[in-house]
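Notes for the one structure printed next.
The values are calculated or read from the model by the stated rules, or taken from the named source; none is laboratory data. Keep in mind the model is a prediction, meaning the values are calculated, not measured. Here Cβ is always computed from backbone atoms with ideal geometry, including for glycine, and neighbour counts include all displayed protein chains. In case anyone asks, the SASA skips ligands and DNA or RNA and just uses the protein heavy atoms, side chains included. Shrake-Rupley method; radii C 1.70, N 1.55, O 1.52, S 1.80 Å.
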Amino acid sequence: MFFHIVLERNMQLHPRHFGRDLRDKLVTKLMKDVEGTCSGRHGFIVAITGIENVGKGLIRDGTGFVTFPVKYQCVVFRPFKGEILEAVVTMVNKMGFFAEAGPVQIFVSNH
């Protein structure tokens, strides 16, 4: 259900963020862009736990933006078929009920 994995992403940073706190700005942007998103392959990204590597930046022609390859560790939530989850029931009707388990919304039919 919960996994700790290493992912990689190319981050673009505007030139106004260049300076002594470049790495901090990059990590902040990564957390803002990635945490809370869902990927079909890896699942729901709950939190970034660490930064493994920030590669050398590549300047984009014409824009001045720089693309940095960032390798990071994160916790993902990925439920599998047949897995038992603890969920909170949010609504009950004559067709069945809805429940929530973290970011996942579940419907269980009466049939």
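Axis angle, to the nearest 10 degrees, between helix 22-34 and the longest C-alpha principal axis of the chain: 20 degrees. Here residue 56 is the anchor, and the lysines within straight C-alpha reach of less than 29 Å, apart from those fewer than 8 places off in the same chain, are 25, 29, 32, 71.
Which percent of the accessible area of the stretch 1-86 is formed by carbon and sulfur heavy atoms (probe 1.4 angstrom)? Of the solvent-accessible surface of the stretch 1-86, carbon and sulfur hold 52 percent. When the chain is described by a simple charge dipole with +1 on each Lys and Arg Cβ and -1 on each Asp and Glu Cβ, the residue from 4, 109, 17 located farthest towards its positive end is 17. Among the GluC sites (Glu not before Pro) within the stretch 48-111, those in coil by DSSP and having at most 12 neighbouring Cβ atoms inside 10 Å are 83, 86.
Net charge dipole, the chain: roughly 360 debye, given to the nearest 20, about the Cα centre with Cβ charges of +1 for Lys and Arg and -1 for Asp and Glu. Between residue 4 and residue 56, the modelled label-to-label distance comes to 3.2 nm, taking each label 7 Å out from Cα in the direction of the beta carbon. Principal axis extents of the C-alpha atoms in the chain (largest first, rounded to whole Å): 58, 25, 22. Taking label positions 7 Å along the Cα-Cβ direction at both residue 75 and residue 41, the computed distance is 2.4 nm, reported to one decimal.
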